[in-house]
1. Which parts of the stretch 1-23 would a label at residue 104 reach, counting a residue when its backbone N lies under 18 Å from a point 7 Å out along Cα-to-Cβ?
2. Between 0 and 90 degrees, rounded to the nearest ten: what's the tilt of helix 108-119 against the longest Cα principal axis of the chain?
3. When the helices in the chain are scored as -39500 (n - 2.57) per DSSP H run of 4 or longer and the sum is shared across all residues, what 222 nm value do you end up with, to the nearest 500 deg cm²/dmol?
4. For residue 95 and residue 174 in the same chain, what is the full-extension length gain: residue separation times 0.36 nm, less their Cα-Cα distance, in nm?
5. Starting with the fewest neighbours, write out 184, 41 ranked by other beta-carbon atoms found within 10 Å of each beta-carbon.
6. First measure r as the distance between the Cβ atoms of residue 23 and residue 201, then evaluate 1/(1 + (r/R0)^6) with R0 = 41 Å and state the FRET efficiency to the nearest 0.05.
7. Using a 10 Å cut-off around each Cβ, can you sort 174, 133 from fewest to most neighbouring Cβ atoms?
8. Which order do 170, 102 fall in if you start with the one that has the fewest other Cβ atoms within 10 Å?
């Protein structure tokens, strides 16, 4: 039996998932946590083979939690399970350390596929991820933005500062500002808020 830990503050959902997995699979759910604060303590006391992690937790971001778990447990498979269905959230969670991502609206068979895929150490992403990426690719072609400018757009929309963008892309802060000015001009915006809104409307995120 593979040991599985669920961290999700939607109690009805998480307990229902626990029951279904315990009854119909070779996974045994060792614990269900409704917040992130006890996760690290629980992992020390009850090692598991797979972590299922929500993003919107009441006390800590799932993004930050995934990053911490990945640093402390580099081989532990992490499946993000969230209502968020945009590619930006999926990319951000994978960057933080998740092995795969499944949307809560998925049917049970898809969830099982996601669990088995990440248990095998492989990345799982839903079909909608690739559909959105295709739409984003087409939108990028028509926007006139370069690949690097598109990277900057996604980071700005994610709330990254100029310095954080520079560090992430290994470029200078001055280059970041040059990209920002060019992006503003090409998209006809004047603030980061406008940029994020236009980028979402045009499937650039």
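What follows draws every value from the coordinates through simple rules; no lab data is involved. Bear in mind the structure is a predicted one, so any value in this text is a computation, not a measurement. Neighbour counts run over all protein chains shown; Cβ positions are idealised from the backbone, glycine included.
1. Zone members listed by number: 5-21.
2. 90 degrees
3. Taken over the chain, the calculation gives -17000 deg cm²/dmol.
4. Extending this stretch completely gives an extra 26.0 nm.
5. 41, 184
6. The formula returns an efficiency of 0.40 here.
7. 174, 133
8. Ordered by Cβ neighbours within 10 Å, fewest first: 170, 102.
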